[in-house]
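*Asks:* Encoded as structure tokens, here's the structure I'll be asking about.
Each reported figure results from applying straightforward, stated rules to the coordinates on display, with no laboratory input. Given the structure is predicted, the values throughout are model-derived calculations rather than measurements. We place every Cβ from the backbone using ideal geometry, glycine too, and count neighbours over all the protein chains shown.
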Amino acid sequence: MSKIFLTVALFFGMAQAKVSEESWLRGPASSEVNIEFSIDTVILGDDSADASILFIPKEEVAKMSAPDSSTPVRRWIFNSKKFEGKIGQTCCFPIGHIDSLMVEGFVGIGDAMKIDQKGIEEIRRALGSVISKLREYNVSHIAAGPIGVDKFSVSMESLVRDLATTLVMSLYKFDCLKTDGKKWNPKVTFVPFEGYTGNKLELRKAFEEGVMIGKSVNMARYLADIPPNYLNPEFFAKYAERRVAKENGLEFRVFGRERALELGMGGFCAVDSGSTANPGRFVTLEYKCGEKDAKKIALVGKGVTFDSGGLTLKPFRSMTDMKYDMCGAASVLATMNAVAQLKPKVNVVGIMPLVENMPDGKACRQDDVITHMNGKTTEIQNTDAEGRLILADALCYAEKFHSPDVIIDVATLTGGCLHSLGHFYSAVMTRDTNLREKIISSGTRCGERMWPLPLDDDFKAAIKSEVADVANSGIPKYFAGTVTAGMFLENFVTNSHWAHIDIAGTAHGVPDISYVGGGATGVPVRTFIDLIKSYEEG
Ligand code: BES
Ligand code: ZN
Ligand code: ZN
């Protein structure tokens with residue numbers, strides 16, 4: 001019997017040792033993306049690259065279809081109307097001889113002077129699907145750029161920044177646990193089109209910023225995709241310290257259970273007590289811009305590295321993918337990574353409560369009553385509603401130690417959010433209409449759509465408790481589980497402009513959006529970055 005146990009233990013020991021912590025800390029693979037901006041007028045389709053991505057407006061297709069104005073294959077594609085340059089349209093085909101094969105990819109941009117937000121998202125998706133085709137062809141050097149146009153209805157800088165982010169996001173794949181050796185890491189050269197007369201250095205700056213944002217998004221995706229036997233609170237904290245704080249010179253603070261108890265974080269400690277194997281960490285990263293009157297924004301992210309439900313154990317289907325329950329924290333960390341490099345004139349603090357929700361003998365129970373950092377009491381009616389328990393203390397912590405002007409928390413908080421809004425919209429809850437508008441319009445600009453849900457006093461009755469100030473789950477007859485979770489959190493913010501974003505549906509497993517693939521999406525890193533910039537502007 002004991003021999004069997006030893007064999008099993010050894011097996012597990014070996015399994016854990018397969019990928020070392022050091023190698024996880026070096027990731028994500030996309031930090032190695034080989035992507036450059038070419039100031040020289042390299043002609044797209046030049047021999048140095050074995051693939052090209054051409055962003056082509058409709059008018060250009062007409063010109064290129066004329067006799068002698070293009071290669072025979074291109075003319076055949078245009079004349080047979082396989083590609084008309086409509087916005088979001090794609091076409092990918094191999095050309096050349098057996099010894100010099102090359103793949104051409106077309107992305108239609110329609111009428112360049114009529115591109116709106118929706119059109120930009122169509123271009124992003126078209127780019128993503130061309131990249132996945134080029135992945136199948138296993139090309140090694142891609143030259144990409146617009147042809148036949150140097151003016152768009154949006155600024156060239158913002159378009160190039162966005163395309164760079166989308167390129168980097170499209171190249172991401174979580175393949176570090178695949179042992180078949182098929183890793184695709186092509187070189188990408190972005191060529192601002194030949195006739196571009198604007199300031200190419202400004203354009204390069206925009207491009208590099210776009211790449212950096214893409215890499216930050218991929219960092220959030222990478223952390224979320226790492227399996228929970230590797231990524232626990234301690235590893236997340238180590239990654240935050242080494243790969244984000246140290247590399248970018250941000251202030252880093254971390255504490256565990258002992259300090260959390262001293263601070264009176266009853267919610268954090270209650271959830272943390274269920275995992276003796278992987279104890280929790282409370283991580284803070286701070287960016288200070290150095291300006292006297294600058295605004296301060298606090299971002300708070302739910303970091304449950306695995307949500308088993310605790311004693312209120314989830315059924316097996318619902319437990320699948322619960323490694324993604326730290327996507328809120330990952331997006332906050334990745335935003336801090338970008339903020340440190342963008343250096344906006346706003347102070348930003350990222351707050352990440354990290355725990356594993358497990359049913360250990362020391363775990364909290366249904367019926368337990370806990371006291372949060374602000375003195376309020378919560379009756380735990382369901383240990384699977386753990387996210388709001390840790391966020392409650394994190395919100396108190398944000399106000400007590402940072403006095404921010406604005407607090408935004410982000411969490412994979414409720415299954416109900418996935419049911420009501422599906423995979424394409426995150427839910428925003430706030431009573432502050434101005435903040436709501438700001439968040440939603442940043443989201444729309446970035447391709448991370450959001451939709452408002454109400455916070456309203458009528459819902460207070462849904463989280464009433466007989467024994468404590470509030471209960472951590474809503475009374476069933478009130479339904480609206482996403483809203484009642486937001487109502488619960490409202491008890492822990494007093495002074496700041498506050499909004500809550502539920503990303504349960506948008507954080508991973510989003511179908512049909514080519515450039516975010518099937519795993520983690522990195523939502524809402526792009527929105528946060530855009531929003532922080534908008535505070536810099538006033
Ligand atoms: N992490 C889950 C929410 C979730 C579910 C995210 C499905 C993504 C997909 C959260 O901790 C949870 O279990 N919430 C419960 C709360 C309920 C017990 C009051 C829920 O929404 O069902
Ligand atoms: Zn849960
Ligand atoms: Zn959860």
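*Asks:* Pull up all non-local amide H partners of residue 103: gap of 5 or more, or a different chain, and H-to-H distance under 5 Å with H placed in the peptide plane.
*Replies:* Excluding prolines and chain starts, which carry no amide H, the hits are 51, 52, 95.
*Asks:* Starting from the exponent 0.38 and prefactor 2.2 Å, build the expected Rg for the chain from its residue count and divide its actual Cα Rg by it.
*Replies:* Relative to the rule-of-thumb radius for its length, the chain sits at 1.03.
*Asks:* List the lysines whose Cα lies under 21 Å from the Cα of residue 477, skipping any in the same chain that are fewer than 8 positions away.
*Replies:* The reachable lysines, counting only those whose Cα sits under 21 Å from residue 477, are 460, 464.
*Asks:* For the chain, which DSSP H helices look membrane-span-like by this rule: Cα extent along the axis of 27 Å or more and mean Kyte-Doolittle of at least 0.5?
*Replies:* none
*Asks:* Would you mind ranking 241, 136 by Cβ crowding within 10 Å, fewest neighbours first?
*Replies:* 136, 241
*Asks:* Just tell me which lysines come within less than 22 Å, Cα to Cα, of residue 151; anything on the same chain fewer than 8 places away is out.
*Replies:* Here the lysines satisfying the reach criterion relative to residue 151 are 58, 63, 86, 114, 118, 200, 205.
*Asks:* Ok, one more. Decide, for region 45-93, between rounded, prolate and oblate: order the square roots of the alpha carbon gyration tensor eigenvalues as a ≥ b ≥ c, take rounded if a/c falls under 1.5, and otherwise choose prolate if a/b is larger than b/c, else oblate.
*Replies:* oblate
*Asks:* For the ranges 140-147, 124-131, 521-528, what's the packing order if you count other beta-carbon atoms within 10 Å of each residue, average per peptide, and put the highest first?
*Replies:* 521-528, 124-131, 140-147
*Asks:* In debye, nearest 20: dipole of the chain around its Cα centre with unit charges on the Cβ of K, R (+) and D, E (-)?
*Replies:* The calculated dipole for the chain is roughly 480 debye.
*Asks:* For a quick check of your reading of the filter: which GluC sites (Glu not before Pro) in region 434-482 sit in a DSSP loop and have no more than 15 other Cβ atoms within 10 Å?
*Replies:* In loop regions of region 434-482 (DSSP not H, G, I, E or B), the sparsely surrounded GluC sites (Glu not before Pro) are 466.
*Asks:* Under 5 Å between amide H atoms, partner at least 5 residues away or on a different chain: which partners does residue 465 have, H built in plane at 1.01 Å?
*Replies:* Under 5 Å from the amide H of residue 465: 471.
*Asks:* Here's a follow-up. What is the antiparallel percent of DSSP beta bridges lying wholly in region 82-235, to the nearest 5?
*Replies:* 60 percent
*Asks:* Could you order peptides 383-396, 336-349 by the average number of other Cβ atoms within 10 Å of their residues, highest first?
*Replies:* So the peptides 383-396, 336-349, ranked by packing, come out 383-396, 336-349.
*Asks:* Could I ask something else about it? Kindly work out what percent of the DSSP beta bridges joining two residues of the chain are antiparallel, to the nearest 5.
*Replies:* 35 percent
*Asks:* Restricting to Cα pairs below 8 Å that are 6+ residues apart, what does the relative contact order work out to for the chain? Please round to a whole percent.
*Replies:* Answer for the chain is 14 percent.
*Asks:* Under 15 Å from the Cβ of residue 205, count the other residues' Cβ atoms, weight Lys and Arg +1, Asp and Glu -1, and hand me the total.
*Replies:* -1
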